[in-house]
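Just below is one structure, and these are the notes that go with it.
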Amino acid sequence: MKISFFYGMKVESTAGKTGYVIGVNVRGDRLECLKCADKNENEFSVDAQNILHYGEDKIIFEDREAAIRDSVPMRLGKPVFDGNGKYLGNLTDFSVECDTLTTAYVGKKKFSANELVCGDAVIVKKNERILKSDVKKDGKVILKRGTPLTGEALQIAEREGEYVQANLKSI
C-alpha cells in the first residue's frame, strides 16, 4: 500500500467521530499517525496502532484520545462504602489482567471491579454477602471469615462439597 492512498480518505472512530486524512506522520521507517480534520476543519490525530480496518472507502479507528480524556485517575487509599453508606475500609489495590481491572482490594476484602463506582469515594454497587465464619471441611479452612461470597468463592466451596455451608455462613 502506498502512503498516497491515505490522503483525503474518510476516517470514522468506533465512537462515531468522523473526518478525513490531511496528512501522514512517520518516524524513521514507521507510520506513526494520520493527521485528520473533521467537517469544521478541527484537526485531530489517529495513532497508527489504533487503526482497526482500512478499506476502499474509509478507515475505522479506535478513538483512544477520547477514551483517555474520559478516564479518571484511580488513587489508592480512597474510602469505600457499600450501597447503604456503610464504610468498608480504604481501597488498597486492584488486580489487572491485560488492560482490565478485575478485582478491587479493600483491606483484606475483595470485590469485583465492575461493581465499583469511583469518584472522590468508591461505592460498591452490589455488595456481596460476606462470610461470617470460616467454612471448614475436615478441620481444614476452605474459605476464611470475611471473604466476599463471590462466584469464585462459591466455585471453591462447590468443588470441596461445601456449597451449602458457605451460603449458610453468609446469612
Inter-residue pairs, beta-carbon under 6 Å, first closer than 16 Å to VAL72 by Cβ and small (Gly, Ala, Ser) and in segment 86-105, second open to solvent by less than 70 Å² (accessible area, probe 1.4 Å) and outside any strand (DSSP E or B), 6+ apart
ALA104/ALA113
Of the residues ASN90, ASN114, ASN84, which is polar (S, T, N, Q) and under 30 Å from ASP47 (Cα atoms)?
ASN114
Given the criteria β-branched (Val, Ile, Thr) and free of Cβ contacts under 8 Å to residues at least 12 places away in the same chain, does VAL124 qualify?
no
Hey, could you check segment 121-145 for residues that are closer than 26 Å to ARG75 by Cα and at pLDDT 85 or above and say which is most open to solvent (accessible area, probe 1.4 Å)?
ILE123
Restricting to segment 111-149, name every residue that is touching a Pro at 6+ places or on another chain (Cβ under 9 Å) and more than 13 Å from PHE81 (Cα to Cα).
SER112, ARG129, ILE130, LEU131
Which count do you get for residues in segment 97-120 that are part of a strand (DSSP E or B) and open to solvent by 40 Å² or more (accessible area, probe 1.4 Å)?
9
Does segment 81-96 hold any residues that are open to solvent by 80 Å² or more (accessible area, probe 1.4 Å) and of a type outside the set (S, T, N, Q), and which are they?
LYS86, TYR87, VAL96
Which one of these is more than 22 Å from the chain's Cα centre (by Cα), modelled with pLDDT of 85 or more and within 30 Å of LYS125 (Cβ to Cβ): LYS35, LYS39, LYS58, LYS86?
LYS86
Scan segment 158-171 and report the pairs whose first residue is in contact (Cβ under 8 Å) with a residue 24 or more places away in the chain and whose second residue is part of a helix (DSSP H, G or I), with Cβ atoms within less than 6 Å and a gap of 6+ or a chain change.
ALA166/ALA157
Can you give me the ranges of the strands (runs of 3 or more DSSP E) entirely in segment 1-80 with at least 2 residues that are open to solvent by 70 Å² or more (accessible area, probe 1.4 Å)?
18-27, 51-54
Would you please list the contacts, defined by Cβ atoms under 7 Å and residues six or more apart or on different chains, that run from a residue in segment 132-151 that is polar (S, T, N, Q) to a residue that is in a loop (DSSP other than H, G, I, E, B)?
SER133/ARG145; SER133/LYS169; THR147/LEU131; THR150/GLU128
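The values are calculated or read from the model by the stated rules, or taken from the named source; none is laboratory data. Keep in mind that what you see is a predicted model, and the values were worked out from it rather than measured. Virtual Cβ from ideal backbone geometry, glycine too; neighbours counted across all protein chains shown. For accessibility, only protein heavy atoms count, side chains too; no ligands or nucleic acids. Shrake-Rupley method; radii C 1.70, N 1.55, O 1.52, S 1.80 Å.
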